[in-house]
Amino acid sequence: MKIAEMNWMQVEEKLKKDARAVVPVGSTEQHGYLSLATDAILAERMATEAAEPLGVPVFPVLYYGITPYFRAYPASISLRLDTYQRIIADILESLAGSGFKRILFVNGHGGNIPGGSILQEWMNAHPGVTVKWHNWWNAPRTAAAVAAIDAVASHASWMENFAWTRLAGVKLPQTRKQMIDLARMRMMDAAGVRAYLGDGNFGGVYEKPDDQMMQVWRAGVEETREALEGPWA
C-alpha cells in the first residue's frame with residue numbers, strides 16, 4: 001500500500017500492529033534512450049510490488065540522488081553527498097518520530113550507495129530502530145538472473161529497459177555497445193564522461209524480450225520482499 005493512498009489516522013492505526021515502512025530512492029539522470037526517471041520509477045515500483053502482499057506502507061520515491069558524473073547531460077540533477085545524507089537522516093528522524101521501527105530503503109541508483117553509509121551511525125543514536133539499505137538491482141539472485149540472460153549489462157542498457165521505463169516513439173539501436181572502462185570513467189569530469197559515453201549506455205544491447213525482463217523483475221521483487229520480511233536484528 002502507498003502512503004499516498006492513506007491518511008494519518010489509518011497510518012496511526014496500522015502502526016499499532018506493524019512498525020515497518022519502505023522508502024524507495026532513485027535518481028533523475030540520463031539513461032540513454034530510456035526515461036530520465038528510470039532509477040526512481042524502478043525503485044518505487046519494486047518497493048510497491050514487494051510490499052503489497054505484506055501490507056507494509058510505501059512512501060513516495062525520492063526522485064533525486066547523487067550523480068555528479070552525468071551533469072553534462074541535460075536534466076540530470078545531482079545532490080551533494082552531504083545534502084543527500086542529511087535528507088536520508090531527516091527522513092529517518094520523521095519516520096522514527098512517527099513510530100516506525102523497521103525501515104527499508106529500496107535503492108535504484110548506484111550513485112546513492114554512499115548516501116546510505118550513515119545508517120549505522122544513525123542507528124547507534126536511535127536504539128530500537130533498525131534500518132536496511134537494499135540495492136535491488138545487484139542483490140545476489142537478481143544479479144544472477146541478469147547474468148543468466150546476458151553478462152554484458154549495465155547502466156542504460158537492456159537490464160533497465162522495462163515496459164515502464166521505455167519511452168513511446170523512441171527507436172532503440174539494434175547494436176551491442178562495448179562495455180566501457182569504469183575505472184577510466186571515474187577519473188573524468190562531467191564533460192569528459194559525456195564525451196566518453198556518448199548516448200549514455202555503459203555497455204551491452206539496448207533491449208531484450210519482455211519475458212526475459214520479467215525473469216529479472218520477479219527475482220528483484222522476491223529478494224526485496226525477503227529483505228522486508230526480515231530478519232530485522
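The values are calculated or read from the model by the stated rules, or taken from the named source; none is laboratory data. Just so you know, these numbers come straight off a predicted model, no measurement behind them. No Cβ is skipped: glycine too gets one built from the backbone with ideal geometry, and neighbour counts run over all protein chains shown.
Observations, loosely collected:
- Answer from ALA72, ALA21 - the residue that is assigned to a strand (DSSP E or B), farther than 23 Å from GLN215 by Cβ and touching a Lys or Arg at 6+ places or on another chain (Cβ under 9 Å): ALA21
- From the list GLU222, GLU207, GLU226, the one residue that fits, being of a type outside the set (Val, Ile, Thr) and without any contact (Cβ under 8 Å) to a residue 12 or more places away in the chain, is GLU226.
- Cβ separations smaller than 7 Å between residues 6+ apart or across chains give the following pairs from segment 145-165 residues that are over 15 Å from ASP199 (Cβ atoms) to residues that are of a type in the set (Gly, Ala, Ser): ALA145/ALA219; VAL146/ALA153; ASP150/GLY204; VAL152/GLY203; VAL152/GLY204; ALA153/GLY204; MET159/ALA153; THR165/SER35.
- If the condition is being closer than 19 Å to VAL106 by Cβ and basic (Lys, Arg), then segment 15-34 contributes only ARG20.
- Number of the condition not met by SER117 [criteria: (1) part of a helix (DSSP H, G or I); (2) in contact with a strand residue (DSSP E or B) (Cβ under 8 Å, 6 or more places away or on another chain)]: (2)
- Selection within segment 94-115: residues that are surrounded by fewer than 19 Cβ atoms within 10 Å (Cβ to Cβ) and of a type in the set (S, T, N, Q). The member of this set that is farthest from the chain's Cα centre (by Cα) is SER98.
- Some residue of segment 166-175 being in contact with a strand residue (DSSP E or B) (Cβ under 8 Å, 6 or more places away or on another chain) and of a type in the set (Lys, Arg): no
- Residues that are surrounded by 15 or more Cβ atoms within 10 Å (Cβ to Cβ) and either in contact (Cβ under 8 Å) with a residue 60 or more places away in the chain or touching a strand residue (DSSP E or B) at 6+ places or on another chain (Cβ under 8 Å) (or both) within segment 131-144 comprise VAL131, LYS132, TRP133, HIS134, ASN135, TRP136, TRP137, ALA139, THR142, listed in sequence order.
- Filter result (buried (at least 24 other Cβ atoms within 10 Å of the Cβ) and part of a helix (DSSP H, G or I)) within segment 24-64: THR38, ASP39, ALA40, LEU42, ALA43, GLU44, MET46, ALA47, ALA50, ALA51
- Tallying residues that are assigned to a loop (DSSP other than H, G, I, E, B) and more than 17 Å from ALA72 (Cα to Cα) within segment 152-199 yields 23.
- Contacts under 8 angstrom Cβ, first residue in segment 3-21 being modelled with pLDDT of 95 or more, partner among the aromatic types (Phe, Trp, Tyr) and not in a helix (DSSP H, G or I), 6 or more apart: ILE3/PHE59; LEU15/PHE100; ALA19/PHE100; ARG20/PHE100; ALA21/PHE59; ALA21/PHE100
- Residue in segment 183-192 that is closer than 24 Å to LEU167 by Cα and aliphatic (A, V, I, L, M) present: no
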